[in-house]
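Below is one structure, written out as structure tokens; comments come after it.
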Amino acid sequence: MTPVMRSAALGLAYLAPVMAESYHFAAVWDGEKLRPDACVTVQADHIEAVGGCAPGAVNLSRYTAIPGIIDVHTHMTYVFENKVSRAGRGAAVVFLARENCRKTLESGVTTVRDLGAQNYSDIAMRDLINLGQMKGPRMFVAGYGLIAPRPGRPTSPNTAKGVEEITKVVRQQVEAGADWIKMYGSTGSGQDVSGTETYSFEEMKAAVEAAHAAEKRIAIHSYGPEGARDAIRAGADSLEHATGMDDATIAEMVQRKVVYVPTIDHNRYYADNYVKLNYPLQAVDDLNAFVARNLETARKAVRAGARFAMGSDAVYTMFGENTRELGWFVKAGMTPEQALRAATAGGAELLGMENSLGALRAGYLADLVAVEGDPLADIDVAINKVRWVMKAGEVVVDRTRP
């Protein structure tokens, strides 16, 4: 949102157009090629040009510029501690989640897809950020994720079983303002790595058809291979987490152009923080075993030519570690440049924003990240050496000064 648009949205006086500003980098990776000793010129919230430098450019010549990173699987409103009294906890969540926003921007992530929140707090956060009332990454949100009823578990607004109920709940998310639909196609979350399929193919197909009829895309969660197979066959736009997929399932995922979001690092986070999260010691072995299966499945998908996007599944205190998934992509067989493409152009295409995000090109939104070093030679540069971040023409992180 430009300053002029923001002022109109808030009922403020008209603001004069912002003068173009150029930023001089040691190199610019525009999403396709590396341009040494180049400038990015920004006009308001968009990129005006990428190329040669003129006198007066802002000196960032110690750094390499890359496009703003896109994290396509987060839960921004999951806060670790909420000490507000029970009746007011929902209202407090967005306020408390400001820290999650700050840490996400500091990791170089300027856009997220948020896949599930309580009380539509994700929709509120998205709108506050868009209005300029809150600083955070650009958000595409899913409202409540659909979940199947389970014995001993209370029902909630997202509980649905059967084609009719599923269609109804999908429509409710759309009416509430969701950008995406999320469906939990299997068990598996936190210390639970079971992956038992919870929705049939017919039910997944109903969710896909209801989402697409409303011109929304759908992400289906499955920890296990059965749910993954049915999610792909049903026409999901993205498949989250899945392990154990056989060659035929992966081939169908490639053929149908379903985007694979493996989220390998989130179970590493759970294992590393098992004491903080109050998990039993046995959970660490289970989580690490799942990480190994997840990585091996990702390796098979890389070899098969699957489409990838980067999702951290960040929750609680994991924000700021969003881009550690890139390291797993390289372990799975990607080059650093392929990993970066998955986290930029791959995410933009999944979001339907390929003409605005995911690259540094004239006319695109001015989302830039300055890193210290060469991220095409060492992916750790993009993970741990972010020094400066711009989102839509606004500098939101600056660690370039002593």
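The values are calculated or read from the model by the stated rules, or taken from the named source; none is laboratory data. This structure is a prediction, so every number in the text was calculated from the model and none was measured. Cβ: placed from backbone, ideal geometry, glycine included. Neighbour counts: every protein chain shown.
Would you be able to say whether some residue in the stretch 138-155 is under 18 Å from the mean Cα position of the chain (by Cα), under 23 Å from Val386 (Cβ atoms) and assigned to a loop (DSSP other than H, G, I, E, B)? There is no residue in the stretch 138-155 that is under 18 Å from the mean Cα position of the chain (by Cα), under 23 Å from Val386 (Cβ atoms) and assigned to a loop (DSSP other than H, G, I, E, B). Scanning the stretch 320-342 for residues that are at pLDDT 95 or above, among the basic types (Lys, Arg), closer than 21 Å to Trp29 by Cα and within 21 Å of the chain's Cα centre (by Cα) turns up at least one hit.
Among Thr323, Thr335, Thr344, Thr400, which is the only one that is touching a Phe, Trp or Tyr at 6+ places or on another chain (Cβ under 7 Å) and either more than 30 Å from Ile181 (Cα to Cα) or of a type in the set (Ser, Thr, Tyr) (or both)? Break it down stepwise before answering.
Numbers: Thr323 fails: touching a Phe, Trp or Tyr at 6+ places or on another chain (Cβ under 7 Å); Thr335 fails: touching a Phe, Trp or Tyr at 6+ places or on another chain (Cβ under 7 Å); Thr344 fails: touching a Phe, Trp or Tyr at 6+ places or on another chain (Cβ under 7 Å).
Unique residue meeting the criteria: Thr400.
Checking Glu32, Glu81 one by one, the residue that is touching a residue at least 60 places away in the same chain (Cβ under 8 Å) and among the charged types (D, E, K, R) is Glu32 and no other. Note on the stretch 241-256: residues that are touching a strand residue (DSSP E or B) at 6+ places or on another chain (Cβ under 7 Å) and either under 14 Å from Asn294 (Cβ atoms) or not in a helix (DSSP H, G or I) (or both) total 1.
Among the candidates Arg307, Arg324, the residue that is among the charged types (D, E, K, R) and over 23 Å from Ala97 (Cβ atoms) is uniquely Arg307. Considering Arg233, Arg229, which residue is assigned to a helix (DSSP H, G or I), in the same structural domain as Arg126 (by TED's automatic domain parsing) and surrounded by 20 or more Cβ atoms within 10 Å (Cβ to Cβ)? Every option except Arg229 fails the conditions. Set side by side, the residues Phe140, Phe95 differ, and just one is among the aromatic types (Phe, Trp, Tyr) and under 25 Å from Leu340 (Cα atoms), which is Phe140.
To keep it simple, each residue is scored yes or no on (1) of a type in the set (Gly, Ala, Ser); (2) under 18 Å from Thr263 (Cβ atoms).
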| residue | (1), (2) |
| --- | --- |
| Phe201 | no, no |
| Ala206 | yes, no |
| His212 | no, no |
| Glu215 | no, no |
| Ile218 | no, yes |
| Gly227 | yes, yes |
| Ile232 | no, yes |
| Leu239 | no, yes |
| Thr243 | no, yes |
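Just one of the listed residues (Tyr223, Tyr270, Tyr260) is at pLDDT 95 or above and in a loop (DSSP other than H, G, I, E, B), namely Tyr223.
Can you tell me which residues in the stretch 181-220 are of a type in the set (S, T, N, Q) and not in a strand (DSSP E or B)? Steps first, please.
Taking the stretch 181-220 first, the residues of a type in the set (S, T, N, Q) are 186-187, 189, 191, 194, 196, 198, 200.
Passing the criteria: Thr187, Gln191, Ser194, Thr196, Thr198, Ser200.
If you check Gly132, Gly116 for being touching a residue at least 24 places away in the same chain (Cβ under 8 Å) and under 20 Å from Thr196 (Cα atoms), only one passes: Gly116. Restricting the stretch 26-36 to residues that are touching a Gly at 6+ places or on another chain (Cβ under 9 Å) and part of a strand (DSSP E or B), the residue that is surrounded by the most Cβ atoms within 10 Å (Cβ to Cβ) is Val28. All of (1) closer than 16 Å to Gly185 by Cα; (2) assigned to a loop (DSSP other than H, G, I, E, B); (3) of a type in the set (A, V, I, L, M) hold for Val169 with one exception: (2). Here Gly185 clears all of (1) within 21 Å of Leu351 (Cα to Cα); (2) crowded, with 24+ Cβ neighbours inside 10 Å; (3) touching a Leu at 6+ places or on another chain (Cβ under 8 Å) except the condition numbered (3).
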